[in-house]
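What follows is a set of notes on a single structure, which appears directly below.
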Amino acid sequence: MDKFSQLSARCMPLALNDVDTDLIIPAQFLTSVSRDGYGENLFKIAREQDPKFPSNDPKYKDAQVLVAAHNFGCGSSREHAVWAIVGAGFRVVIAKSFADIFYNNSGKNGLLLITLAPEIVDELLESAKSGDYTVSVDLAAQTVSLPDGRSFEFEYDPFRKHCMLEGLDDIDYIASSKDEVDAFRKNQEANRYFSTCD
């Protein structure tokens, strides 16, 4: 997993409530257990049905911040939805609220989800329509800064924050604690030996 600390990037607005994982990555494209290749199918059906869908617009081509509305990522628990968003180049999603399972999957896969007040998200959704609206995200400070100088704090799980700052997925995190794990095992084995000798 790539490290995430700070990012200044263009926003793409998606002013929809209840964007579910089937809209993010339709079921017929869940063809691999590898994370590779899902980005090209992000919002595939929506893009085909609606020529004006935001990700069809070239002005959002290099956007790395997706701004959405309420309950983003609802529906099935497919981790592929996160893979598709990351594979398409997004590092951050800012929304009014997120579905719980999607939120947890995102942190494990290097996608930073930020919840801000509804009125701030509405402002971002409107401003991002320009195609060149950029925000700055600082995970260490847990802030989102706007072009006009305003800055907003967001909450984030301390464990997931540590993992994202260090670029650790769950397996990497366990591996990084190998010495402690080995010491714990040895201690357990020693205690088991002595308990059988009593």
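Using only alpha carbons, segment 1-90 has a radius of gyration to Kirkwood radius ratio (Rg to Rh) of 0.94. Taking other C-beta atoms within 10 angstrom as a stand-in for reagent exposure, 162, 80, 70 fall in the order 162, 70, 80, fewest first.
Listed by chain and number, the aspartates and glutamates whose C-alpha is less than 20 Å from the C-alpha of residue 61, apart from same-chain residues fewer than 8 away, are 36, 40, 48, 50, 126, 132.
When the pairs 52/96; 59/96; 108/129; 59/108 are compared against a 28 Å limit on Cα-Cα distance, 108/129; 59/108 fall above it. The alpha carbons of segment 105-169 occupy a box of 35, 19, 19 Å along the principal axes, longest dimension given first.
Counting only aspartates and glutamates at least 8 places from residue 44 when in the same chain, those with an alpha carbon closer than 15 Å to its own are 20, 22, 57. Express in nm, to one decimal, how much length is gained between residue 3 and residue 16 on full extension, taking 0.36 nm for each residue of separation and deducting their alpha carbon distance. Gain in length upon complete extension: 1.8 nm. On the basis of the beta-carbon distance and an R0 of 22 Å, residue 122 and residue 57 show a calculated FRET efficiency of 0.65.
Cross-link partners of residue 186 among lysines, defined as those whose alpha carbon lies under 18 angstrom from its own and excluding same-chain residues fewer than eight positions apart: 178.
The angle between the Cα long axis of helix 118-127 and the longest principal axis of the Cα atoms of the chain comes to about 50 degrees, rounded to the nearest 10.
Cβ-to-Cβ counts within 10 Å put 38, 60 in ascending order as 60, 38, the fewest first. Which whole-angstrom value gives the distance between the alpha carbon centres of segment 1-25 and segment 37-72? Cα centroid of segment 1-25 versus Cα centroid of segment 37-72: 9 Å apart.
With each label modelled as a point 7 angstrom along the Cα→C-beta vector, the residue 187-residue 159 pair spans 1.9 nm. Within the chain, antiparallel bridges make up roughly 50 percent of the DSSP beta bridges whose residues both belong there. Note that the chain, at 4 °C in a medium of 1.567 mPa s, gets a Stokes-Einstein diffusion coefficient of 71 µm²/s from its Kirkwood radius over C-alpha pairs.
FYI, it's all coordinate maths here, none of it is from the lab. Predicted model, so just to flag it, every value in this text is computed and none were measured. Neighbour counts are summed over all protein chains in view; Cβ atoms, including those assigned to glycine, are modelled from backbone coordinates with ideal geometry.
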